[in-house]
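K.L.:
Let me give you the structure first, and then I'll get to my questions.
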Amino acid sequence: MCRDAVRDQVDLRLRHAVDLPQERPGAPGHDDDAGGQGRQLRQDPPLIDVRLETQLTGLHEENGMLVGVTLTDAAGAQTTQATDGVFLCIGGKPHTDWCPREHVFTDASGYILTGTDLLEAGKRPDCWGLERDPLPLETSRAGVFAAGDVRHGSTKRVGAAVGEGAMAVVLAYRRLTELGLAN
């Protein structure tokens, strides 16, 4: 997810090259004919260095300005690099270990299933006790809603998460109305 988020930001905002070593032409999983996008992103000298499985372990500044970073890769090797800007994509792993004990369904990667993603062949889960389908952000527990990056199928964007959060408030109010606790 993070690699795609970086590519989207680069393509949309910077219109410069991204060096993604695992996606060079001929690399496994690379589609050289994907609308020319792969080639387009490598036309200019790389201005952005995407590092997967790497930790930012040090920031270096002079006169209050960022001038460099220290990076540690998965093998523990450290490098220091001059830079004046950093974009971090953190997360990517949902912290949903609690879901099974609360009977909140997740997909194989741990993202919470909501709304129609809970339906299999149009059928509600066996545990679903209501006469209606789950609401758009509703989990396998009626009245429990998930919004943002933790939800299966989310776009992993701040604006979308904020919008989903606002939507969850409206849906929670709707559920309280169903229970006769609001009007």
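K.L.:
Residue under question is D149, and the condition is that it be without any contact (Cβ under 8 Å) to a residue 24 or more places away in the chain and among the acidic types (D, E); does it hold?
P.N.:
Judged against the criteria, D149 is not a match.
K.L.:
Shifting gears a bit: Return the residues of the stretch 66-123 that are part of a loop (DSSP other than H, G, I, E, B), of a type in the set (V, I, T), more than 19 Å from the chain's Cα centre (by Cα) and not assigned by TED's automatic domain parsing to the domain that holds R151; say none if nothing qualifies.
P.N.:
Here is the first cut: in the stretch 66-123, the residues part of a loop (DSSP other than H, G, I, E, B) are 74-77, 83-99, 103-105, 107-111, 113-114, 119, 121-122.
Filter once more, so that each one left must be of a type in the set (V, I, T): 83, 86, 90, 96, 104, 114.
Of the ones still in play, those that are also more than 19 Å from the chain's Cα centre (by Cα) are 83, 104.
If the condition is that a residue be part of a loop (DSSP other than H, G, I, E, B), of a type in the set (V, I, T), more than 19 Å from the chain's Cα centre (by Cα) and not assigned by TED's automatic domain parsing to the domain that holds R151, then T83 is the only one that fits.
K.L.:
Taking the stretch 139-156, which residues are part of a helix (DSSP H, G or I) and β-branched (V, I, T)?
P.N.:
Kept after step one, since they are part of a helix (DSSP H, G or I), are these residues of the stretch 139-156: 148-150.
Across the stretch 139-156, the qualifying residue is only V150.
The values are calculated or read from the model by the stated rules, or taken from the named source; none is laboratory data. Here the structure is a predicted model, which means the values were calculated and not measured. Cβ sites come from the backbone with ideal geometry, for glycine too, and all protein chains shown count toward neighbours.
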